[in-house]
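The values are calculated or read from the model by the stated rules, or taken from the named source; none is laboratory data. Computed from a predicted structure; not experimentally measured. Here the Cβ positions follow ideal geometry from the backbone for every residue, glycine too, while neighbour counts run over all protein chains shown.
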Amino acid sequence: MKLSQMYIPTLKEDPANADVVSHKLMLRSGMMRKLGSGIYTFLPLGQRVINKFQAIVKEEMNNSGAQEVLLPALQPAELWSESGRLENYGPELMRLNDRHEREFCLGPTHEEVITDLVRDEVRSYKDLPINLYQIQTKYRDEIRPRFGVLRSREFIMKDAYSFDIDEAGLEESYNDMYDAYERIFDRCGLEYRAVKADTGTIGGDDSHEFMVLADAGEDTVVYCDSCDYAANLELATAKVEAEKADEELEELELVDTPNSSTIAELMSELDLAAEKMIKAVLYENDEQVVLALVRGDYEVNEIKLSNLFDVVNIELAAEDKYEELDTVKGYTGPVNLDDVEVIADELVMKVVNGVTGANQREKHYLNVNPGRDFEVDQVADIRTVKEGETCPECGGTLEQTPGIEVGQVFKLGTKYSEALDATFLDENGKPQPLVMGCYGIGITRTIAAAIEQNHDDYGIKWPTALAPFTVHLLPLGGGDDVENKAQELYQTLNEAGVEVLLDDRNERAGVKFNDADLIGSPIRITIGSRSLSDGELEVKLRQSDEEMNIDADNSIAEIKELIANEIK
RNA sequence: CGGAGCAUGGCUCAGUUUGGCAGAGCACCUGGUUUGGGACCAGGGGGUCGCAGGUUCAAAUCCUGCUGCUCCGACCA
């Protein structure tokens, strides 16, 4: 393409209302514009990147035996009632009514639609396995859209769904997708980790997230420094190393603790370590109120806690629940607290002569001992792990880093097929529920994540696989020689199938260089009157900043070699 | 939903405290000079100051209500 003919409205200044790097650069480089909160228009440059990434995704999906379809974004709410997610998915589901007041929603994901399709079409085990995927615009009514396209309300996603006759088949489908995802993100040159993940509202048994490591990430990846254990912080576990202290059990004692409703205040009031404290937090879900106990130096992990129950959502209990149980917020404890299920973290059980709230304003108990002073209904891992803890698999040390979730694979099992009555006939002619898996990749989010990982102060440094153009031709000086050489290169490279952007604008050098840096093509070739008179072209690689001159007469061969090296 | 902030030409912002002709830079158009890291000179076009009320001789500016957007939190694939 010629820059003079392409609509690439670059911005000299940082846009207001954009804080994260990828958001700024996507606006500044002319990839996209905002229409509303969490809603973006993609311009030619952005669309090219989307196309590049989609092509990679499609290639790897097709190679893994998945087949492309296109499902509707507009879906009858009825279908969502059937799976139970009309309620369960909650307010994030974008809902609307048609003129007859019939209820619809805009799909945030497509388990229901695909299952509906397959239950009508797939009758026999002979039709299985099957894996269908699509690339679709999805909608989520985010509480707070932010960070540009990293968390938007409308976004492009690739989603695939596998259907197998049994768990073994699912295992195979799942592994195929997992491998395909690794190939996809490898090809994009991204630094990422596949981590164990929670299944959230999608549901299912087993799941991995693909996390691009970047500071702007909203998730936290926990990984081991010596083995390949990696998990989302929501799910990460650690080996319990603490042993019970070798102390005499002291007698339970009630003490005054004025203004000590937090662990920090209590530590200074009593001059004791947080490890001695037993933090007690009331939670409730639709069915019950539970008391969660963790050691004072830990936080309750609500995901782990809620996974102990069938009900999806669990949240901090409302104020009135404290009154009902005859306790006081900030001074809650398990001693003499009745009518509530008590769930203690593993580490709480190791506390000897600990401290906990006395269920009276400004009073705590000292020398509290689990089992002696209070009973526990369930011991479980309900704490959020901390950096430096011990790896559950190899005994190494756990580290943490922020990550952007760009893909997730789920083993759904029969959750949707049972809810939607999607069955096939097995070899014995017996109906069996389809065993499903689902696999998503955030297309637009991955692109933003790639920028988060590949940029400098001047602009984007595209990985070659995603770059809207591979070569940026930058003629300078304006003479006929320069003009002719630029045209010749442009034509030859185009004919060779190289994606070239020719900056044929009558702009000053600074403008051209700055736009080239911003747009971030991997290879920049400056055709300047000076070096051209020496028979040379100037090459600069955006990723490495490496500069070199090449022979102008033999340039095509050298450029092709450079491209080959860049792609690797 | 709680807290904070913003809304003035296409973009970035000043002007609001203390009411008195709507501004600057960039971008755009015309002419000229310039041409290797965001040029210069001269001229020009473009704004219902987010919307609706109110106060006032007079409102971008003060008051009330609303809307949109951003950030922090809650929440979230």
Does residue A:447 satisfy the criteria of being in a strand (DSSP E or B), within 16 Å of RNA strand B (Cβ to nearest atom), assigned by TED's automatic domain parsing to the domain that holds residue A:117 and buried (at least 16 other Cβ atoms within 10 Å of the Cβ)? no
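May I ask you to verify whether residue A:244 is among the basic types (Lys, Arg), outside the structural domain of residue A:333 (by TED's automatic domain parsing) and at negative phi?
It is true that residue A:244 is among the basic types (Lys, Arg), outside the structural domain of residue A:333 (by TED's automatic domain parsing) and at negative phi.
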Considering (1) more than 21 Å from residue A:140 (Cβ to Cβ); (2) surrounded by fewer than 18 Cβ atoms within 10 Å (Cβ to Cβ), say which one residue A:27 fails and leave the rest. (2)
Out of A:310, A:297, A:345, I need the residue that is touching a helix residue (DSSP H, G or I) at 6+ places or on another chain (Cβ under 7 Å) and acidic (Asp, Glu). Which one? A:297
Given (1) more than 16 Å from RNA strand B (Cβ to nearest atom); (2) touching a Leu at 6+ places or on another chain (Cβ under 9 Å); (3) over 30 Å from residue A:179 (Cβ atoms); (4) in contact (Cβ under 8 Å) with a residue 60 or more places away in the chain, residue A:300 misses just (1)
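In the stretch A:388-406, how many are more than 18 Å from residue A:197 (Cβ to Cβ) and either hydrophobic (A, V, I, L, M, F, W, C) or part of a strand (DSSP E or B) (or both)?
3
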Within the stretch A:170-179, does at least one residue satisfy the condition of being within 16 Å of RNA strand B (Cβ to nearest atom) and among the aliphatic types (A, V, I, L, M)? yes
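Going by the structure shown, is residue A:112 closer than 16 Å to residue A:421 by Cα and either within 11 Å of RNA strand B (Cβ to nearest atom) or of a type in the set (D, E, K, R) (or both)?
Criteria met by residue A:112.
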From the list A:566, A:483, A:507, A:538, pick out the single residue that is surrounded by fewer than 23 Cβ atoms within 10 Å (Cβ to Cβ), over 31 Å from the mean Cα position of the chain (by Cα), acidic (Asp, Glu) and in a helix (DSSP H, G or I). A:483
Yes or no: the stretch A:508-528 includes at least one residue that is hydrophobic (A, V, I, L, M, F, W, C), farther than 30 Å from residue A:110 by Cβ and in contact with a Pro (Cβ under 8 Å, 6 or more places away or on another chain). yes
